[in-house]
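Engineer: Pasting a structure below so you can have a look.
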Amino acid sequence: MALYLISFEKGAMDHIPAEDFPDVGKAAHAVIRETKDAGVYVFGGGLSYEDGDVEWGVVAVDGRVTDGPFAESKELIGGLTIVDVPTREDALKWAAKIAVACRCAQDVRKFGDDPER
């Protein structure tokens, strides 16, 4: 088994009309329930970027903390799901289901092997 990060960028769902969000939410939750029922779900959720929300930040190597991402950051994660599956093909199948539910493309990346896991 291997861990895979399935994610999409902040703003990837901006094309969805506000009136469609309840249906998108139901579809997304249904897929996540399916991952849990299949026993492959590890963790997931959407990230908050609300105005005034400073519940995130960057900690530099000197320990200094700043609100927000590095200035050179071009990509912020909008949402993510981590699955534990036997193959890349399995991860891609889950990503396809999430993409359909969320109506946006998904990035799939394998975590490095951890011998202590």
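Quick note: the coordinates plus some simple rules give every number you see, no bench work behind them. Model, not experiment: these values are computed from the prediction. Note: ideal-geometry Cβ built from the backbone for every residue, glycine included; neighbour counts use all protein chains shown.
Engineer: Binning at 10 angstrom from zero up to the longest distance, how are the C-alpha pair distances of the stretch 1-43 distributed in percent?
Structural biologist: 22, 45, 28, 5
Engineer: When you take every Cα atom in the chain, what is the radius of gyration, and what is Dmax, the widest Cα pair distance, in Å?
Structural biologist: Answer for the chain, Rg first and Dmax second: 15.9, 46 Å.
Engineer: May I ask you to derive the relative contact order of the chain, considering only C-alpha pairs under 8 Å and at least 6 residues apart, and to give it as an integer percent? Present the calculation step by step, with values, prior to reporting the outcome.
Structural biologist: Values: 153 pairs, mean separation 60.1, N = 117.
The value is 51 percent.
Engineer: PRE reach from ALA2 (point 7 Å along Cα→Cβ): which of the stretch 81-107 fall under 15 Å by backbone N?
Structural biologist: 83-95
Engineer: Where in the chain lies the longest segment free of GluC sites (Glu not before Pro) that are both loop residues by DSSP (not H, G, I, E, B) and have at most 13 other Cβ atoms within 10 Å?
Structural biologist: Details: sites that count: GLU50, GLU55, GLU72, GLU75, GLU116.
Excluding the exposed sites themselves, the longest stretch runs over 1-49.
Engineer: For each of VAL59, VAL85, VAL42, count neighbouring Cβ atoms within 10 Å of the residue's Cβ, then give the residues from fewest to most.
Structural biologist: Working: VAL59 9, VAL85 21, VAL42 14.
Ranked by crowding around the Cβ, least crowded first: VAL59, VAL42, VAL85.
Engineer: How do VAL100, VAL83, VAL108 line up, fewest other C-beta atoms within 10 Å first? Present the calculation step by step, with values, prior to reporting the outcome.
Structural biologist: Numbers: VAL100 13, VAL83 25, VAL108 17.
Listing VAL100, VAL83, VAL108 from fewest to most nearby Cβ atoms yields VAL100, VAL108, VAL83.
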